[in-house]
Amino acid sequence: MPVTVTAAAARHVTKYLARRGKGVGVRLGVKTTGCSGLAYKIEYADAVSPEDVVFEDQGIKILVDPKSMPYIDGTQLDFVREGLNEGFKFINPNERDRCGCGESFRV
């Protein structure tokens, strides 16, 4: 399944890349950490690596390393504002459990 972005996430990424003056998109992945085992990682990417799995949605390139792909397959990246806080939110159909603090998850 593809990894996608919402319109809000696409607007935020486009605006940030324009301000930054460089970049090809966002790189998504997972790392082992936290009480549930896995945590999402996101960074702006300046280049596509040969091993990247590349998706494009709403004009945004989404790069995923092959090791992370089974954990985030079908995920949608959103950008949300809740009160004074704002940030990216991962909507992952593979997520089975999330720790109480919300920092890590399990598939």
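A quick yes/no check of all residues on (1) at pLDDT 90 or above; (2) of a type in the set (Phe, Trp, Tyr); (3) in contact with a helix residue (DSSP H, G or I) (Cβ under 9 Å, 6 or more places away or on another chain):
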position: Ile42; (1), (2), (3): yes, no, no
position: Pro50; (1), (2), (3): yes, no, no
position: Val54; (1), (2), (3): yes, no, no
position: Asp57; (1), (2), (3): yes, no, yes
position: Ile60; (1), (2), (3): yes, no, yes
position: Pro70; (1), (2), (3): yes, no, no
position: Asp78; (1), (2), (3): yes, no, yes
position: Cys101; (1), (2), (3): no, no, no
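Inside segment 48-86, residues that are out of contact with any strand residue (DSSP E or B) (no Cβ under 8 Å at 6 or more places or on another chain) and surrounded by 12 or more Cβ atoms within 10 Å (Cβ to Cβ) make up a count of 2. Applying the condition of being over 14 Å from Ile72 (Cα atoms) and among the aliphatic types (A, V, I, L, M) to segment 1-25 and asking which residue is surrounded by the most Cβ atoms within 10 Å (Cβ to Cβ) yields Val13. Taken over segment 87-98, residues that are farther than 20 Å from Thr4 by Cβ and in a strand (DSSP E or B) amount to 2. Reported count of residues in segment 21-39, each being small (Gly, Ala, Ser), closer than 23 Å to Gln58 by Cβ and not in a strand (DSSP E or B), is 2. Do you know which residues across segment 8-41 are small (Gly, Ala, Ser) and under 20 Å from Ser68 (Cβ atoms)? Within segment 8-41, Ala9, Gly23, Gly25, Gly29, Gly34, Ser36, Gly37, Ala39 meet the criteria.
Would you confirm, using the coordinates I've provided, whether Ala18 is hydrophobic (A, V, I, L, M, F, W, C), free of Cβ contacts under 8 Å to residues at least 24 places away in the same chain and not in a loop (DSSP other than H, G, I, E, B)? Criteria met by Ala18.
The values are calculated or read from the model by the stated rules, or taken from the named source; none is laboratory data. This is a predicted model, so every value here is computed, not measured. So basically every Cβ, Gly included, is an ideal-geometry build from the backbone, and we count neighbours across all protein chains shown.
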